[in-house]
Amino acid sequence: MQVHQPDPAYYINMKILLTGVTGYIGKRLLPVLVKKGHTVVCCVQAYAFPHTDLIWN
């Protein structure tokens, strides 16, 4: 029986939603994903950046 393996090209330039980016793993994972050319959107809680003024529309 053969197992289907996805084409490696499928994983090039993925759009990734990364949560917990201020945590231990997120801080290390984000630069790796960006270096590999992925588009990364990060979700953080507002208290993680208390010195910025966030405006939510």
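Every number in this text was worked out from the coordinates using simple rules, so none of it is lab data. Not measured: the values here are computed from a predicted model. When we count neighbours, we look across all protein chains shown, and the Cβ atoms used for this are built from the backbone with ideal geometry, even at glycine.
Projected label points at Lys36 and Thr19, each 7 Å from Cα along the beta carbon direction, are separated by 2.0 nanometres. Taken along the Cα-to-beta-carbon direction at a fixed 7 Å, the label points for Arg28 and Gln5 span 2.7 nm.
Amide H to amide H, with H built 1.01 Å from N, Leu18 comes under 5 Å of Val41, Cys42, Cys43, counting only residues 5 or more places away or on other chains.
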